[in-house]
Amino acid sequence: MLIIASILIAAAGYIINDYFDLDIDQVNKPQKVVVNTIISRRWVIFWHMSLSLIGIYATIYALDFHNFWHLVLANMFSVIFLWVYSTSLKKQLLIGNILISLLTAWVIGVLYFSKYPLDAINTISQPNTQNVRFFRLTILYAAFAFVITLIREVIKDMEDLEGDRKYGCKTMPILWGLNVSKTFVAVWMIVLIAALILLQLYVIQMGWWWSISYCLIMIVGPLILAFKQLFKAKSAEDFHRLSNIIKFVMFSGIVSMIFFRLYP
């Protein structure tokens with residue numbers, strides 16, 4: 001139910017983002033505009049409000065409100081943050097990018113805190129327990145979610161450069177230029193690739209060969225490919241292809257969770 005809640009709240013966020021991005025999207029991707037072509041603006045607001053409320057209700061339904069009120073409140077704030085992001089923050093330098101990255105990481109964090117509310121310090125202080133493993137996996141995937149989302153958000157800003165500039169946005173590619181933005185993305189890619197490789201070196205001692213192979217081929221490999229193509233990218237189409245590679249890395253990163261069921 002918590003996963004469903006996150007999906008519904010995220011969907012509501014995408015909907016309201018399309019609502020406020022109508023003018024920009026007509027420049028950046030006119031063939032993909034949905035608002036006012038397939039669905040009216042009034043119905044867009046209706047679906048945003050409906051999915052947001054159902055997402056919050058699903059959060060309440062999944063949890064004991066008396067003990068987990070803070071998680072319900074956090075998801076309520078997620079809805080508010082997504083609205084504020086769509087109306088103003090996405091047009092500002094890095095603030096919107098970081099906010100979306102944090103909210104993506106929160107999708108992982110909320111699952112942890114639903115089992116161990118406000119108890120992270122006690123959890124990691126208990127060696128050789130399943131709690132420690134769960135905490136480490138939470139940190140691993142939340143960090144991965146944050147970094148890979150930040151990378152994609154800046155690439156998307158580069159892809160949407162023309163429309164964003166026309167309507168007064170102050171994103172990194174507009175204020176600092178494409179070369180600085182590419183360097184920013186490249187640094188985070190290097191950090192992520194290096195962290196994943198170091199993690200595989202740690203896992204070797206456990207003999208998790210299938211998971212190591214999967215990570216190198218399905219996650220690290222595409223990241224290296226994206227890194228090679230990053231500085232060659234010039235057009236919106238080039239950045240769109242890069243964005244698709246990063247989306248694939250996101251998906252393969254999620255699928256990798258299955259290995260932590262296979263290897264107890």
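The values are calculated or read from the model by the stated rules, or taken from the named source; none is laboratory data. Note that the structure is predicted; figures quoted are calculated from it, not measured. Reconstructed Cβ throughout: ideal geometry from the backbone, glycine too, with neighbour counts over all protein chains shown.
Residues that are at pLDDT 90 or above: find the helices (runs of 4 or more DSSP H) completely inside the range 129-229 holding 2 or more of those.
Values: elements: 130-159, 161-166, 172-176, 178-204, 209-214.
Passing ranges, in order: 130-159, 172-176, 178-204, 209-214.
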For this session: May I ask you to verify whether Leu230 is under 20 Å from Gly253 (Cα atoms) and either exposed (fewer than 14 other Cβ atoms within 10 Å of the Cβ) or touching a residue at least 12 places away in the same chain (Cβ under 8 Å) (or both)?
Result: no
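Out of the residues in the range 194-221 meeting the condition of being within 30 Å of Pro173 (Cα to Cα) and either of a type in the set (S, T, N, Q) or surrounded by 16 or more Cβ atoms within 10 Å (Cβ to Cβ) (or both), tell me which one is nearest to the chain's Cα centre (by Cα). Break it down stepwise before answering.
Restricting attention to the range 194-221, the residues satisfying the condition of being within 30 Å of Pro173 (Cα to Cα) are 194-197, 218-221.
Retained after the next criterion (residues that are either of a type in the set (S, T, N, Q) or surrounded by 16 or more Cβ atoms within 10 Å (Cβ to Cβ) (or both)): 196, 218-220.
On the way: Leu196: 18, Met218: 18, Ile219: 15, Val220: 18 Å.
The residue in question is Ile219.
Surrounded by 14 or more Cβ atoms within 10 Å (Cβ to Cβ) and not assigned by TED's automatic domain parsing to the domain that holds Lys115, is that true of Ile24?
Values: surrounded by 14 or more Cβ atoms within 10 Å (Cβ to Cβ): yes; not assigned by TED's automatic domain parsing to the domain that holds Lys115: yes.
Yes: the conditions hold for Ile24.
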Exercise. Here are some conditions: (1) crowded, with 18+ Cβ neighbours inside 10 Å; (2) under 23 Å from the mean Cα position of the chain (by Cα); (3) closer than 23 Å to Cys169 by Cβ. Val35 meets all but one. Which one does it not meet?
Worked result: (2)
Problem set entry | Residue among Phe113, Phe81 that alone is closer than 28 Å to Met257 by Cβ, outside the structural domain of Gly168 (by TED's automatic domain parsing), among the hydrophobic types (A, V, I, L, M, F, W, C) and in contact with a helix residue (DSSP H, G or I) (Cβ under 7 Å, 6 or more places away or on another chain) | Phe81
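Yes/no per residue for (1) under 19 Å from the mean Cα position of the chain (by Cα); (2) surrounded by fewer than 20 Cβ atoms within 10 Å (Cβ to Cβ); (3) aromatic (Phe, Trp, Tyr); (4) farther than 28 Å from His240 by Cα:
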| position | (1), (2), (3), (4) |
| --- | --- |
| Ile7 | yes, yes, no, no |
| Phe20 | no, yes, yes, no |
| Lys29 | no, yes, no, no |
| Ser86 | yes, no, no, no |
